[in-house]
Each structure stands twice: as structure tokens, then as C-alpha cells.
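S.K.: Below are the C-alpha cells for one structure; questions will follow.
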Amino acid sequence: MTTSAAPLVAPLAVRTGAGLAELGGKGASLARLAAAGLPVPPGFHVTTEAYRRFTAGALQDAILAEVGERGPEAAPRIAHLFAEAPIPPEIAAAIRSAYGELGAVAVAVRSSATAEDLPGMSFAGQQDSFLNVRGADAVVEAVRRCWASLWNARAIAYRERNGVAQGDVTLAVVVQELVDADAAGVLFTADPATGARDRTVVNASWGLGEAVVGGQVTPDSVALTRRDGGAWEVAERRTADKAVMTVRTPDGTREVPVPEELRRVAVLDDAAAGELARIGERIEELYGTPMDVEWARQDGATYVVQARPVTASATAYETWNDSLAGDYLWTNANLGEAIPSVMTPCTWSLVKAFMGEAMATASLPGYRAYGSVGGRFYMNLSLSYTLAATVGVSMARFVDLTEEVFGRLPDGVTIPRVPLSRWRVLRGITPVAIRTLRTVRADKKHIAAFVAAGPDRCADLRGRVAAADAAGLVRLWRAEIEPYFHLCSRMLSAAGRQDGAALVTVRKKLRAMVGDADANALFTGLAGGGGLASLGPLRALEELAAGEIDRAAFARTYGHRGPDEFEVSLPRPAEDPEWLDRQLAGVRSGTRGTGALLARQEEARAAAWRRFDARYPRKAAATRARLDRWANAARGREEVRSEVVRCFWVLRDVVRRAGELTGRGDDLFFLSIDEVVDVLGGAESALGKVGVRRATYERYRALPPYPTLIRGRFDPFRWAADPDRRADLYDAHATRPASATVTGFPGAAGVVEGVARVIGDVSDGGRLAEGDILVTTVTNIGWTPLFPRAAAVVTDIGAPLSHAAIVARELGIPAVVGCGNATMRITDGDRLRVDGAAGTVDILAAEA
């Protein structure tokens, strides 16, 4: 066989014309820096030729076939292909020889893709790097793992979104002597927030740079500007409380607490910051463009470990990660239904304001009951448990009470308490609780009127928003829309406290009396007595298909309800002319109407009541009364929530109109709502944050959905890169084996067999044929039109009171919810048996 004469390895400062195609983006940049005499640690390149020889033939064909069929979901299979393929002896020998020339030193082994750091986009961070690698065998294996990371889920997804052909990318690897840094960070030769070219910003923290780049620590920030003589001087300094640092260990690296005496001490003095600014200036002159430079310092010597041009998507990133605040247990069960995606900054600002009133008694001063973890919405179970424990609720009792809403905890997982004294908790919560109870008592009287007036009020506000000029929109926001938004938040709080205890206790008691199957049947019937809001759009679609209502009537009643209805940057179904056509096509293609499914379930419910009456004749009347009260309360909560979502449509219109009036378009979705109002008023300083926030949003959005439960400090990028990651649980304190079986809550009884259709996004719902089993991460009202086509429903996230369980029960469709690992264990096309009463899912035959 003829092989290429291109080298397999090359010196770090190679001057033979090698560039992006041979060395990848990172490698080409380091070669250029080293050749220019900048302080780059010694090392060598493993060129793209080595990668091509390793993957040549059958391996490359298998990779592209997997990606073509499964997209980002192919990542685990491809990782297995790389792990099993032998490295050709000549490649391994070349790497060993080059490493031997460095000496027996610890090295950093970093991926360098050919699609990295291209103009207009940044692929930085998509592939893996490995620190503190020592020994020739370990270096060879680290190179293999870097090659495999070219095909991790986030890298595949990022290339798909940016139009980079999957077959066109290759990977080089940079191997460099590891700087055992006592300090490290990033510098930007132009201000990353404003783009100012006369201002350099340096971020710095203790230890290796991974804690800064990976977002585990808030670093110091030092801004420098030029004096008249051309020298750099410190113009602004923010010294952070740096809680953790990355350090070398015999096995690699790990995060450790920063010594108390260093946490609040500035990492860089003015002289060191000035030296870094001068190095950055030299690098910018070399490239002729603003640069993003990673640096490290050891024993007073400064080293450059990476440099890339600053582009719109390669500016500094913000860290949206409340899991870094402490050792807490977070869950996105329940909340993940309402807001299933990464939030834009505008949406997050509105959600915080909404939650501040809707769940006022769940937070404490300085501690929120909810947070953003990698941009996604999570509940802080630790704080909820701490509040409950203060009034004497044990952990076992707390878990038992909340299981219906948030799901059960895996074996071995406990809820750490927030380190607050009982007195501190009581002092913080008591005045809030008293104030909230008074407000709820008053608001409950007006719930019916609020629901009735909502559609007309929002239609009026939307019309006035569309006609407003900038000054008029500010006045309208402050005088009417913002107060109405707060009213909506309070009304949902009031609605949630109508027979609230029944929500988590009645079903559990009934299950103990009659078992899961009959309890599920008895808990249906919510679609009657005025209608269940979650089923409303489905029933209205069938009425529309039958000509009983027109499109305008549907849009007025349900045009605001969708799969991401709280995210203000996304259009409502009524804004998409083709949305209704797609839904109608799905309704007309099915043979099972909602009415028939509800009638069948009515028969099952009647049979369950007959069995109950026979077994508990003296308890039947009281049980019916309790279930009626519960059903009325549940319907009331759903009605209020629907009007809250309608208000979020008004909020979306405010931001869109502000974008039109200021000429900034969708940039304003990357500002908080207060910043949007400021921009409308002429204060434009916040606009400088848009680039960084947009880049941060895209960076988090490229990742797969995070685990349902997160314990401790969570790095979503490292988690996504782990081929053995779990979708149900991440525990920073313990490695727990993932379950090989798929089990969850009995959501709705029944046993069916069918073909799995794994659907990651509701927009892909057209793939669900009648009789398929819907397997997905989580559902909400936007998924309801798919349910009549499904033979069964299986979800990662959920509990007995989740959307999937409630709607499946109403329609009599078997469901297993809250499995945690369903979308990772089940492959599209597998044949399954779903037992909704037992809460089990069996894979009968793998997809061929």
C-alpha cells in the first residue's frame, strides 16, 4: 500500500509552510507564535496525516455512516470505534520518539481541529485536551482520545449548525511540556465587551488555567489602557473570591479549594499585568487582529499556551452556572417541562422576576430556590429541604412528599442541606411567608375574573405594543405591562395554593389503597368539567379539522401555547403560518381520535370505581369528593398558567418591538428586560454585552440536555465530553454506575409492544408514526398533539404529576416517566415492551 510522505509529527516551531491543514487551528497558531520567539512551552505536533492514516478506510466510512444516520447521537458509538481500532505502529513510534526528545516530563495533550478558530466562528473547546500526561504509552493513548473527541456530540452538532461538512474535518494534536502554573488565565487584546482596541483585559486565577477556561471559578479581571507614552497601565481592577483552582496530581488534574489566605488576594500585581499586556500586543501585531490569549505563569515566568483571533463568537464567555455556588442538589424535573431549553438572558431575567413572586416562600435572602445551570432552569432541592427541615420534616418525609412532583432519588443520593442555622432560616422566611399568605388570600378571590379577562387584556396590550413608539413603549411597559406581569405571577402563586397539599398526598394514599393501575384510572377525568388545558389544543385541533371552529378561533384560544412557551426569543405557534398546517396534517393522518381515547379511558375509570366501591363501600363518597376537589384545583392551576404564558407573548412583543424601534433586532433578547427598557430610553451601554452573551448562549445550546439531578459543582462541557456520562444523575462527589435497565414511574397503565421512535425535539415529531412508542427527554403542552399517535410514551424526566403522565393517563396511553436514561439506552428503531403499570421498559430487539 502506498502511504503519504507527509510527516506524522513535526517540531512545535515548524517553519516548512505547515499550516491549518497539517496542524489544525491551535497547532498552526502555536507554531506561528513559537517561530516568532514568543514564550511558548516546548513540544511537538502530531499532524493531521497521522489522524488520516489512523482512520483511513473502514473506520472513516463507519464514522460518516453513523453521523449521517444519527447526527450528534452517534457520538458514543464512534467513541467505541476509536477505542477498539489499533494505532498503526509507525504512528505510535513517531509519537514516542518525539516525546522522548522532550524528556520524561509531564505534558499537555491538546486537540487541534482543522475546523478550529476559523473566521466568523470559533470551534474552541469542542474537542478534548488532557493535562499532566506522563509516559510514552499515556501520551499515545491521550492522542487517540483527542482524535476521538473530533466526533463528540457537541462537535458534531456545532459543525451541523455552522455548515461544516463532517467528512472535511481532521484533527492534529499538540503535545507540550506542561507549565506547572501557579497562576493562569486569559487575556483579550481588545475589550471583549465593547471591542475597544485601546483596552486590554486580563482574567487571572490561581493554579492551572482549566478552572478559568472551563468556568469553574470567577477570575480576577484587570483592564489596562495605554498612557500617552505608549506604556500600559491598570485602569480597572476587580479581585474575585476565587473558591477553587486546578492543580496537577499524579493521575492528571483536579479542582481543589484555594487556600483561604489567597482566595481574595489579587493574582497579578500591576507589573505582571503590564507584562501580559505587552505580550498580547506583540501577538496582536503578529496576527494583525485582536486576539484571545491563554497564558500561564510559573515562578515569575510567563508562557503563552494558546492564541486565537477574537471573533463575534470567540469573545469572552459569561458563566451561567449556579451549581458553582455550593454543594447543593439540583433537579430540572417539573421545571424542565416548563422551560426545556437554554434560556436567553432576557427570558432568564423575566423568569427570575416571575419566580420571585410565584415561589416567594421557597427562597431566602441570598439563596434562591431555583437557578440557571449552564443556562437551563433547575430547582435547588437543597434549599427546599433545608426550609422543610427547619419545621421538623425529615429527609425521608421530604422525599416522600415531593416524589410525585420531582420524581424519586436514585439509590445512594441524599440531599445536602444549605449550611444555615434554624434561626437564620426562620428570620429570613417568616416575614416573606406572612406577606405571601396575605397576598394569596386576597388574590384567590380574583382568580376566575383574572382567567376570564386574560385573552382580551393581552390582545389589547399586544395591539398597543405594535403601535407604540420608543417613548410610548417605555410608558406602556411601566404603567401597564410590568404591573400585569407581576399580577400574573401572583395569580399563579395563589392558584398553586388551592388544595395544594392534595397535589402531593391524595394520589399516594389512593395508590396504597388500590394499587398503581386503578389509582391511575381513578385520577383521570380531568378533561371533563371545563377541560384540561394540556388537552385543550389537541381537542381544538380536531374541532378545526372537522370544521367546527376556524383558524382565528384556534389562534385566539391556543395560539400562545407551545413547546418553549416561556422563551421570549422564540415564536409562538400563532406566529408561524405553517405550524397549524403541520399539526392538522398529523391529526388527519391518525385513526385514533381524542374523543375515542377519552371514551375508552372513561370505561376504564368506571371499572376502577366499581372495584373501589366493592372494596371500600364506606369510603367511596369521601374519596370521590376529594378527587373532585383535586381535579378542580388542578384545572384551575392550568387555566392560570395558560394566562401567564399568554402574558409572556406580550413580553415577547415588547422586546421585538424594542428591537424594531432601536434597529437592534434580536440583539435585545441577549439583554435583561431592564436593560431593554434602558436601551429604549436611549442608554445604549448595555448593547456592548450582546456579543459575549450571544456567544455564551450558543456555547451552552450546543450541548445535549443535562442530567435531571445534579449534585455539587457541574461543568456542562466536561460532562458532555464524557462518553460514559449519565443523563439521569451527575454527582461531583461519587461515581455511581448507571443502570443497565430502563425503569421509571408508572405514568399510565397498560402493556404494549412497538417500535421506539427517539425524538429529541418536537419539531421532529413528524417521524412518529401511529403505533410507534414515543421516547424523549421531556414533554410539555407543545408535545400533546403527538400523543394520540403514540402506542406508549417513555420519558427521561418526569413524575406522576408531570405532563407526560397526566396526558397519557387521560388518553389511556401506557407511559413510563422519569426513567433518566431512556434516550441513552434506547436507539431509534428498537422494539420495546412498555409496561405502564410496572414502570418498566424492555428492549426486545435492537434496531437492525
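S.K.: Give just the number: which of (1) modelled with pLDDT of 90 or more; (2) open to solvent by less than 30 Å² (accessible area, probe 1.4 Å); (3) over 19 Å from GLU210 (Cα atoms) does ALA83 not satisfy?
M.R.: (2)
S.K.: Right, next: Does THR779 count as open to solvent by less than 50 Å² (accessible area, probe 1.4 Å), under 20 Å from GLU73 (Cβ atoms), of a type in the set (Val, Ile, Thr) and touching a His at 6+ places or on another chain (Cβ under 6 Å)?
M.R.: yes
S.K.: Looking at the stretch 647-665 only, could you name the residues that are under 12 Å from ALA467 (Cα atoms), open to solvent by 20 Å² or more (accessible area, probe 1.4 Å) and either among the aliphatic types (A, V, I, L, M) or not in a helix (DSSP H, G or I) (or both)?
M.R.: LEU661
S.K.: Among the residues in the stretch 388-396, are any free of Cβ contacts under 8 Å to residues at least 40 places away in the same chain, closer than 23 Å to GLY744 by Cα and either outside any helix (DSSP H, G or I) or not polar (S, T, N, Q) (or both)?
M.R.: Checked the stretch 388-396: at least one residue is free of Cβ contacts under 8 Å to residues at least 40 places away in the same chain, closer than 23 Å to GLY744 by Cα and either outside any helix (DSSP H, G or I) or not polar (S, T, N, Q) (or both).
S.K.: Any residue at all in the stretch 831-847 that's closer than 27 Å to ARG376 by Cα and either among the aromatic types (Phe, Trp, Tyr) or crowded, with 19+ Cβ neighbours inside 10 Å (or both)?
M.R.: no
S.K.: Tell me which residues, restricted to the stretch 250-281, are touching a residue at least 12 places away in the same chain (Cβ under 8 Å), assigned to a helix (DSSP H, G or I) and surrounded by fewer than 16 Cβ atoms within 10 Å (Cβ to Cβ).
M.R.: Answer for the stretch 250-281, where residues must be touching a residue at least 12 places away in the same chain (Cβ under 8 Å), assigned to a helix (DSSP H, G or I) and surrounded by fewer than 16 Cβ atoms within 10 Å (Cβ to Cβ): ASP270, ARG278.
S.K.: For the list (1) part of a loop (DSSP other than H, G, I, E, B); (2) in contact with a Lys or Arg (Cβ under 9 Å, 6 or more places away or on another chain); (3) open to solvent by less than 60 Å² (accessible area, probe 1.4 Å); (4) without any contact (Cβ under 8 Å) to a residue 60 or more places away in the chain, I need the number of the one condition that THR439 fails.
M.R.: Tallying (1) part of a loop (DSSP other than H, G, I, E, B); (2) in contact with a Lys or Arg (Cβ under 9 Å, 6 or more places away or on another chain); (3) open to solvent by less than 60 Å² (accessible area, probe 1.4 Å); (4) without any contact (Cβ under 8 Å) to a residue 60 or more places away in the chain, THR439 fails exactly one: (1).
S.K.: Within the stretch 730-753, take every residue that is surrounded by fewer than 21 Cβ atoms within 10 Å (Cβ to Cβ) and touching a Leu at 6+ places or on another chain (Cβ under 9 Å) and give me the one that is nearest to ARG713 (Cα to Cα).
M.R.: This residue is ASP731.
S.K.: Still on this model: Of these, GLY782, GLY798, GLY747, which one is of a type outside the set (A, V, I, L, M), in contact (Cβ under 8 Å) with a residue 40 or more places away in the chain and in a loop (DSSP other than H, G, I, E, B)?
M.R.: Of GLY782, GLY798, GLY747, the one residue that is of a type outside the set (A, V, I, L, M), in contact (Cβ under 8 Å) with a residue 40 or more places away in the chain and in a loop (DSSP other than H, G, I, E, B) is GLY798.
S.K.: Another question, then. Under 7 Å by Cβ, and 6 or more places apart or on different chains, what pairs join a residue from the stretch 565-578 that is closer than 12 Å to GLY782 by Cβ and part of a loop (DSSP other than H, G, I, E, B) with one that is open to solvent by 10 Å² or more (accessible area, probe 1.4 Å) and aromatic (Phe, Trp, Tyr)?
M.R.: Once the first residue is closer than 12 Å to GLY782 by Cβ and part of a loop (DSSP other than H, G, I, E, B) and sits in the stretch 565-578, its partners that are open to solvent by 10 Å² or more (accessible area, probe 1.4 Å) and aromatic (Phe, Trp, Tyr) give ARG572/TRP649.
S.K.: In addition: Looking only at the stretch 540-564, how many residues end up being open to solvent by 40 Å² or more (accessible area, probe 1.4 Å), over 25 Å from PHE648 (Cα atoms) and among the small types (Gly, Ala, Ser)?
M.R.: Qualifying residue count for the region: 2.
S.K.: Collect the residues in the stretch 159-169 that are open to solvent by 20 Å² or more (accessible area, probe 1.4 Å) and either assigned to a helix (DSSP H, G or I) or closer than 15 Å to THR55 by Cβ (or both), keeping them in residue-number order.
M.R.: Within the stretch 159-169, GLU160, ARG161, ASN162, GLN166, GLY167, ASP168 meet the criteria.
S.K.: Which of the residues spanning the stretch 465-481 are surrounded by fewer than 17 Cβ atoms within 10 Å (Cβ to Cβ) and assigned to a helix (DSSP H, G or I)?
M.R.: The answer is ALA466, ALA467, ALA470, ALA471, GLY472, ARG475, ARG478, ALA479, GLU480.
S.K.: Go through (1) open to solvent by less than 10 Å² (accessible area, probe 1.4 Å); (2) of a type outside the set (Lys, Arg); (3) in a helix (DSSP H, G or I); (4) over 28 Å from ALA574 (Cα atoms) and name the single condition GLY765 misses.
M.R.: In the conditions (1) open to solvent by less than 10 Å² (accessible area, probe 1.4 Å); (2) of a type outside the set (Lys, Arg); (3) in a helix (DSSP H, G or I); (4) over 28 Å from ALA574 (Cα atoms), GLY765 misses (4) alone.
S.K.: Within the stretch 683-696, count every residue that is in contact (Cβ under 8 Å) with a residue 60 or more places away in the chain and either open to solvent by 20 Å² or more (accessible area, probe 1.4 Å) or among the polar types (S, T, N, Q) (or both).
M.R.: 6
S.K.: A further question on this structure: I'd like to verify a number: residues in the stretch 697-723 that are open to solvent by 10 Å² or more (accessible area, probe 1.4 Å), in a loop (DSSP other than H, G, I, E, B) and among the hydroxyl-bearing types (Ser, Thr, Tyr), how many?
M.R.: 1
The values are calculated or read from the model by the stated rules, or taken from the named source; none is laboratory data. Fair warning: this is a prediction, and the values are worked out from it, not measured in the lab. Positions of Cβ are generated from backbone atoms using ideal geometry, with glycine treated the same way; all protein chains shown enter the neighbour counts. Ligands, DNA and RNA are stripped out before the accessible areas are found, and what is left, the full protein with its side chains, is counted by its heavy atoms. Shrake-Rupley method; radii C 1.70, N 1.55, O 1.52, S 1.80 Å.
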